[in-house]
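*Asks:* If you scroll down you'll find the structure; I have some questions about it.
What follows draws every value from the coordinates through simple rules; no lab data is involved. In this text, all values refer to a predicted model and were calculated from it rather than measured experimentally. As a convention, Cβ positions derive from the backbone with ideal geometry for all residues, glycine included, and neighbour counts pool all protein chains shown.
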Amino acid sequence: MFSRLARLAVTLALLGSLVSAAPAWAVGTAKVQVTVDKLNVRSGPGLDHAVISSVTANTTLPVLSEQESWTQVQLPDGSRGWVASWLVKPAADETASYIESTVTNLNVRSGPSETFAVIGQIQPGKAYPVVSKNGQWVQIKRSDTETGWVAGWLVKEAAAPASAPQPVDSPQTGTAGTPTPPADSSTVPGSAIPGSGTEGESQTGGTAPDGAPPLSPAPLPTAVTITLSAMTNVHNNHEETAPVIGQLSPGDSIEAVPRGNGWYQITYDGAIGWIRPGTNHSPLPGTSPPADNGGTNEVPSPPSADQEQVRTVTVDVDNLNLRSQPTTESERLTTLAKGTSLTVLAQEGQWYQVKTPQGQVGWVAGWLVSEPTPFEADQSQPTVTIMSPDTNIRSGPGTNNSIVTRVQAGDVYPIVKTEGDWFQIRLGDGTLGYVAGWIVSASGLPNVVKENALKGKVIVVDPGHGGEDNGATGSSFSTLEKVINLQVSKLLKAKLEAAGATVILTRSDDRKVSLKSRVDIAVQNKADLFVSIHHNTHPNSLTSGTIVFYYDKGRSSKLASLVQSEIVKATNYKNLNARYGNYFVLRENPVVSILAEIAFLSNYQDELRLRSSKHQDLAAEGIFKGIVRYFQTEPTL
């Protein structure tokens with residue numbers, strides 16, 4: 001008897017020590033992070049209470065209260081539950097992190113995508129607090145009252161500033177309060193280098209006595225968007241013999257910083273990588289190229305020497321000095337007029353060795369010339385398709401400019417250039433005019449989405465499967481469909497909300513929701529659209545691509561076609577076309593409804609891509625663009 005009582009006393013003592021060691025969270029302000037793969041959430045503080053939900057590893061949850069060794073938390077869907085305190089840890093305060101731009105004039109947008117309107121710009125050297133993240137995009141706080149989104153691949157982590165960031169973004173200034181960018185011009189240009197319409201659009205020329213060194217360090221090269229035409233190796237250095245750390249597929253559009261001799265610096269899986277577009281490469285061992293080349297797997301042959309694209313730059317200031325060496329102290333050979341096109345022979349730092357149209361060779365300051373924008377360098381000129389009848393074409397980039405003509409739905413016009421959120425287009429008679437970017441569909445350039453473009457719209461986003469229903473499982477990496485369905489859905493939700501829509505998720509965590517309940521959520525909330533997110537599987541592992549299903553012809557089939565087109569355009573997945581599908585959430589749903597099967601978990605290449613946050617964000621972007629296009633054209637259906 002004594003020994004049993006002694007053992008009981010020891011057990012109670014151990015339990016007491018466990019309880020006394022339970023962490024004391026700062027209730028009301030603290031957050032905890034899940035440390036196990038799947039953590040049960042219970043209705044009360046103890047193992048004898050029912051499991052009401054579960055959350056996955058690294059999920060961050062606000063703390064509501066504590067009881068002994070249990071913590072009451074708020075779940076992502078707003079409900080409450082209890083978790084074991086020994087299976088969570090204090091969460092890092094994400095809002096305490098800061099970023100700064102790595103390029104000059106980095107665009108700040110109203111939503112997490114290049115399709116959203118530019119609302120400002122930020123410069124290197126100034127830190128901004130991070131509010132949230134969505135895929136590859138980071139939401140920052142620009143002032144006490146204003147937030148915006150920046151491209152995550154064009155920023156880096158920064159230390160907290162000594163004082164709060166200024167609400168107005170402007171070029172860095174010297175002691176006299178005037179802009180002090182570098183210069184090597186014998187005049188005061190005061191002009192901006194035309195931008196590409198993407199992140200990091202422009203640089204500003206500066207002022208300095210002729211032959212004087214720059215007044216401040218030269219700005220970083222402007223990032224551009226490039227679309228790859230062939231399988232391209234990613235190296236860990238800017239040499240052809242450097243180790244290959246990955247590959248990019250034909251059709252991939254990426255942000256890149258020109259670094260000379262045809263090399264571009266990119267961010268690849270969170271690390272710095274180097275590519276040379278225009279040079280095709282064989283697949284990495286153990287992989288194969290996407291099977292969408294006219295039904296074959298052929299990789300285009302590398303270009304011959306005489307097919308190599310000549311690299312050029314254009315002078316952006318008047319009387320630019322051509323010098324004998326890459327320094328402002330070297331001999332001035334001549335001066336070059338603004339707009340002169342120069343052939344690049346070599347690059348050293350931020351200086352270019354160039355050949356003039358007259359054949360003279362010398363060096364020019366890289367910050368006072370610009371390379372062609374992506375669409376100027378592309379053989380296929382970008383176009384816009386008019387979406388509505390009697391669309392206004394104006395004399396300038398703004399609604400305050402006069403209307404010069406009206407064009408009709410379905411008309412296609414080449415884009416000459418972009419100015420803010422407006423496209424300058426060439427009409428059939430050769431004259432130029434401007435059309436608002438947010439009312440047309442662009443090809444070859446990002447579309448424009450105005451803030452609150454979806455204001456008043458209620459959209460239900462349905463992450464397929466959940467809970468004990470895993471959906472499909474990846475053949476190569478055991479990827480669970482329910483997990484990536486939810487990840488893409490959350491990315492899509494943020495994009496839609498940034499455009500003004502009210503978005504309702506049928507599930508916001510790993511729980512099972514009946515098919516009827518999913519439809520009921522759309523009906524009860526009087527949704528304008530119902531979008532179900534899935535990933536596919538097939539007995540034949542060679543089957544790959546995207547399918548968007550609809551049940552009703554008319555509005556649902558129109559939405560499916562638009563979303564299908566935009567997903568394929570954004571992700572470069574194989575186009576298996578929008579199709580009729582007899583699914584409960586479509587068949588029994590009176591709301592305009594689609595079900596997107598984004599890619600195949602049974603295909604090695606598809607599964608490899610859909611696991612990455614980059615491709616999940618691209619898929620969400622495609623669905624988002626399709627929805628925006630639907631509402632642009634919906635009145636004409």
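*Asks:* Using the structure shown, list the pairs from Lys133/Lys516; Lys455/Lys574; Lys417/Lys614; Lys141/Lys338; Lys38/Lys516 with a Cα-Cα distance above 30 Å, or answer none.
*Replies:* Lys133/Lys516; Lys455/Lys574; Lys141/Lys338
*Asks:* Kirkwood hydrodynamic radius for the stretch 95-158: how many Å is it when counted over pairs of different Cα atoms?
*Replies:* Hydrodynamic radius (Kirkwood, Cα only) of the stretch 95-158 equals 11.3 Å.
*Asks:* Could you grab the relative contact order for the stretch 54-151? Cα pairs under 8 Å, six or more apart, rounded to a whole percent.
*Replies:* For the stretch 54-151, the relative contact order is 19 percent.
*Asks:* At q = 0.11, 0.16 Å⁻¹, what base-10 log of I(q)/I(0) does the Debye formula yield for the stretch 458-636 when every alpha carbon is treated as an equal point scatterer in vacuo?
*Replies:* -0.40, -0.88
*Asks:* On to the next question. At Thr633 and Thr327, where each label point lies 7 Å from the Cα along Cα→Cβ, what is the point-to-point distance in nanometres?
*Replies:* Reported label-point gap for Thr633 and Thr327 is 6.0 nm.
*Asks:* Let me ask something else about it. Rg/Rh for the stretch 507-575: what does it come to with C-alpha atoms and Rh from Kirkwood?
*Replies:* 1.01
*Asks:* Continuing with the same structure: Of the GluC sites (Glu not before Pro) in the stretch 458-561, which ones lie in a loop per DSSP and count no more than 16 other C-beta atoms within 10 Å?
*Replies:* Hits after loop and neighbour filter: Glu468.
*Asks:* Which FRET efficiency, nearest 0.05, do Ile403 and Thr314 yield, Cβ-Cβ r, R0 25 Å?
*Replies:* It comes out at approximately 0.15.
*Asks:* Continuing with this model, one more query. If you add up the charges near Arg507, with Lys and Arg at +1 and Asp and Glu at -1, over every other residue whose beta carbon is less than 15 angstrom from its beta carbon, what do you get?
*Replies:* My count for the surroundings of Arg507 gives -1.
*Asks:* Please state the charge dipole magnitude for the stretch 312-376, taken about the Cα centre, from unit charges on C-beta atoms (+1 on K and R, -1 on D and E), reported in debye and rounded to the nearest 20.
*Replies:* Once rounded to the nearest 20, the dipole reads 160 debye.
*Asks:* Run the numbers for Asp144 and Ser517: contour at 0.36 nm per residue of separation, minus the present Cα-Cα distance, in nm.
*Replies:* 130.2 nm is the gain from fully extending Asp144 to Ser517.
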